[in-house]
Each structure stands twice: as structure tokens, then as C-alpha cells.
1. Pairing the Cα long axis of helix 147-156 with the longest principal axis of the chain, what angle in degrees results, from 0 to 90 and rounded to the nearest 10?
2. Need the C-alpha centroid separation for the range 114-133 versus the range 37-96, integer Å.
3. Residues with beta-carbon under 10 Å from that of GLY14, excluding GLY14: net charge, scoring Lys, Arg +1 and Asp, Glu -1?
4. For the range 1-77, report the translational diffusion coefficient in µm²/s to the nearest whole number, using Stokes-Einstein at 20 °C, 1.002 mPa s, and a Kirkwood Rh over Cα pairs.
5. Assuming R0 = 30 Å, what is the FRET efficiency of ALA148 and ASP78, from their Cβ-Cβ distance, to the nearest 0.05?
6. Using the Karplus curve 6.51 cos²θ - 1.76 cosθ + 1.60 with θ = phi - 60°, what ³J(HN,Hα) values do you get for each residue of the range 71-80, in whole Hz, with x for Gly and Pro?
7. Taking the structure as given and computing semi-axes √(5λ) of the Cα gyration tensor in Å, which label from (1) 157, 13, 12; (2) 34, 18, 17; (3) 28, 20, 15 fits?
8. Please name which of VAL6, GLN150, THR83 has its Cα lying farthest along the dipole of the chain towards the positive end, using unit charges on Cβ (Lys, Arg +1; Asp, Glu -1) and the Cα centre as origin.
Amino acid sequence: MQGPVVLVGHSYGGMVITNAAAGNPDIKALVYDDAYIPAQGETVFQINAAQPGSCVTADPSTFLNLVPYPGSPEGDYDAYLKTASNGTYKGFADCFANGVPGAQAKLLAAGQRPFAVSAGSEPSGTPAWQTIPSWAVVGTADHVIPPAEQLAMATRAGAHITKVDAGHLSLITRPDAVTDVILDAARAADRS
């Protein structure tokens, strides 16, 4: 690939781009969409618990279906968010897909990709946002990563922050706003 690269990460994808971009001179911008923006040593589980309001900090058995996967280390599982509510967990549609039309939320629940439980406790490395300009789209109604925590992470990273009236899936419910932020990052990357 030639030219400047803009990496965009949603949710856990923020952990991925924070670590994958480090030291790559072709990556000129990072865009975090309702995403984790970790500092060195932070984990997803720590970030979720840092501020009140995350729907994924209760007892995991209330909101996760755990499924063994081939070759998994002892005690590791693929985790899927439960679709139905259970105690304080209000179900997939309210937790992960709030603001998404009901029929689409059901499709998203049925087609969700697993998250390895071990990934939640994997500490982040040196964050690429220390040397690469970043942008953050913060859903002000996000129930997965509390908006206060997203804002704290984005501020720490020196990100250009855009708040949107959306839940965790602003890329679906506010694609215009997310696209605008990505284009802003691309224009800035093209000038660098």
C-alpha cells in the first residue's frame, strides 16, 4: 500500500490499532469510534471498570455465553454477549446495540463475532497515539464503554474529539458523523 494510512478501530479495535500502529511510519492517523484508547499496561477489563455505567462489568455469567474453542489455553473461552436480559444486564439490544432498530439488533446479535476472554486481560503495549495524531468519536449514550471513560481516554491521547448522540454502534446509527471524522483524519494525514 502506498501513501499515508489511516487506521480506524471500533470498540476492541481501538486496542488493536493502538498496538498495531506503533512504530509504523506509514500510519499517519488513528480514528477511535466508540473505542478503547488504552495507555501502556491497561486492559479492556480495567477500562470497563474505570467509570460507572458499563453494561459489561457485572458477573460475566449474567451477560456472556462462554464457548470453548479449538486449541484454547486452559480456562480461555470465546465470549458472546447474551441476547436476553439477565438481572442487571439489559440484553444485547440495550447493552451493545442501543439506538439500533430492533430487527437490525437481532441480526447483529445472531451474527456477533466472539471475543476471547483472555483478550480482556491482555495489557496494552506502548500506545501509538503518543506519536500518531488521533481522532475519537464518542457516543454519548454508549452503554459498553461509558462516555466519561471514552472522553478521559481521548483527552489523554490528545485526540480530536467528536461527540455524537449515539450508543456503542455509532458507525451504524450515525454513519455520516463517523465518516466525517474519518475524512477529517484522512485529510490531515494527506497533509503530513
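1. Rounded to the nearest ten degrees, it is 30.
2. 16
3. Value of the local net charge: -2.
4. 145
5. E between ALA148 and ASP78, to the nearest 0.05, is 0.55.
6. Computed from phi, the couplings for the range 71-80 are x, 5, x, 3, x, 9, 9, 7, 10, 10 Hz.
7. Read-out from the structure maps to (3).
8. Looking along the dipole axis, the top candidate is VAL6.
Every number here is computed from the coordinates shown, using simple stated rules; none is lab data. Quick caveat, the model's predicted, so the values are computed rather than measured. A quick note on method: Cβ atoms are made from the backbone with ideal geometry, for glycine too, and the neighbour counts reach across all protein chains shown.
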